[in-house]
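So the structure is just underneath, and the comments pick up after that.
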Amino acid sequence: MVLFLAKRTVGLLATLLAVSIVVFLVMNVLPGDPVLVILGIDSTPDAQAALREQLGLNAPLLERYVSWIAGVLRGDFGTSHSFGVPVAGLIAERLPLTLSLALSATLLTVVLALALGVFAASNHRKAGDWGVMTLSQLGIAVPAFWLSMLLVLLFAVRLRWLPPGGFPGWSDPAAALRALVLPTVALALVQAAVLARVTRSSMLEVLRLDFTRTALATGLSRGRVLWRHVLPNALVPVVTIVGMQFANVVTGTIVIENVFYLPGLGRLIFQAISNRDLMTVQALVLLFAAIVVTANFVVDILYVLIDPRLRGRLA
């Protein structure tokens, strides 16, 4: 187990290093000059040269990368060109909202998907099974941003139950939670549709195994067998999809936060891209990539915790 963790940790660090190099190179070869974005096209060459020197854009590419990654390791992501404040401060200010949205959407996804998947598997080839499969197919086909607009039109505009967008801050927890309901549902429904189908398929495979028939033959209730024996043995593919979906949910907040006008990291990266704010974009892309890679790392760890037989294969 120690060797397995060591290998996965080294792989995680190597992947993050490779991602940082790719992010830095891509951000520095994209068209557009941040100096012109800040000063405007009518600025003088002297002013442009002075600002370029101040921002360190005149240094060689390798020197700029080493300086940037050294700062990242210290928690210093540089200074935002468009906001004029440290990028680390912007991230710290907006990260709680994005994480709250991503975690709540993932939790709702898992609850809905497990319930629907178990229900569909227990009613295989019956009306309940076909109903769940039809709903999940619709959920897969609907884009999250379009579903967001439908939810706003129904629950905010027509019924007036929930706010259409914006975020009042955490000083009023009740208002903050109400503001996150529609974004959470919009993110979760699409992901739950996929996970419900995976849960159903995995459950059906385990239901065909001998130990399941034996458990049913001993007189245990079907519900007890499904939740206590079948579901735990069907979790490996489910955990895989949950890990991938958490990464999708985190990156999906970029769209959802802009639809609902939420001041999280998703809206921040959109503003930074619009302003050609290299430092902020680099830091946020690296952060999102780190979340995705870390989610996959956690999934690998959960594999061996759920099924210890996998340790030899994954080591």
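The values are calculated or read from the model by the stated rules, or taken from the named source; none is laboratory data. Keep in mind that this is a model prediction, so the values were computed, not measured. Heads up, the Cβs are rebuilt from the backbone with ideal geometry, glycines too, and the neighbour counts pull from every protein chain shown. These area figures cover heavy atoms from the full protein model, side chains too; ligands, DNA and RNA do not enter into them. Shrake-Rupley method; radii C 1.70, N 1.55, O 1.52, S 1.80 Å.
Structure values in brief
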{"item": "Single unsatisfied condition, Ile301 versus (1) open to solvent by less than 40 Å² (accessible area, probe 1.4 Å); (2) of a type outside the set (Phe, Trp, Tyr); (3) modelled with pLDDT of 80 or more", "result": "(3)"}
{"item": "Only one of Thr218, Thr214, Thr240, Thr280 that is touching a Ser or Thr at 6+ places or on another chain (Cβ under 6 Å) and not hydrophobic (A, V, I, L, M, F, W, C)", "result": "Thr280"}
{"item": "Selected residue (criterion: farthest from Ser100 (Cα to Cα)) from residues of the stretch 187-219 that are open to solvent by 60 Å² or more (accessible area, probe 1.4 Å) and among the aliphatic types (A, V, I, L, M)", "result": "Ala217"}
{"item": "Test: Val26 is within 25 Å of the chain's Cα centre (by Cα) and farther than 30 Å from Leu189 by Cβ", "result": "yes"}
{"item": "Neighbours by Cβ (under 7 Å, 6+ apart or cross-chain): first from the stretch 18-29, outside any helix (DSSP H, G or I); second not aromatic (Phe, Trp, Tyr)", "result": "none"}
{"item": "All positions within the stretch 263-279 that are open to solvent by 20 Å² or more (accessible area, probe 1.4 Å), of a type in the set (A, V, I, L, M) and in contact (Cβ under 8 Å) with a residue 12 or more places away in the chain", "result": "Met279"}
{"item": "Output for the stretch 240-297, where each listed residue is over 24 Å from Lys7 (Cβ atoms) and either in contact with a strand residue (DSSP E or B) (Cβ under 7 Å, 6 or more places away or on another chain) or hydroxyl-bearing (Ser, Thr, Tyr) (or both)", "result": "Thr251, Thr253, Tyr261, Ser274, Met279, Thr280"}
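Residue-by-condition table, conditions (1) over 16 Å from the mean Cα position of the chain (by Cα); (2) surrounded by 19 or more Cβ atoms within 10 Å (Cβ to Cβ); (3) at pLDDT below 85; (4) hydroxyl-bearing (Ser, Thr, Tyr):
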{"position": "Pro237", "(1), (2), (3), (4)": "yes, no, yes, no"}
{"position": "Gln245", "(1), (2), (3), (4)": "no, yes, yes, no"}
{"position": "Tyr261", "(1), (2), (3), (4)": "yes, no, no, yes"}
{"position": "Val281", "(1), (2), (3), (4)": "yes, yes, no, no"}
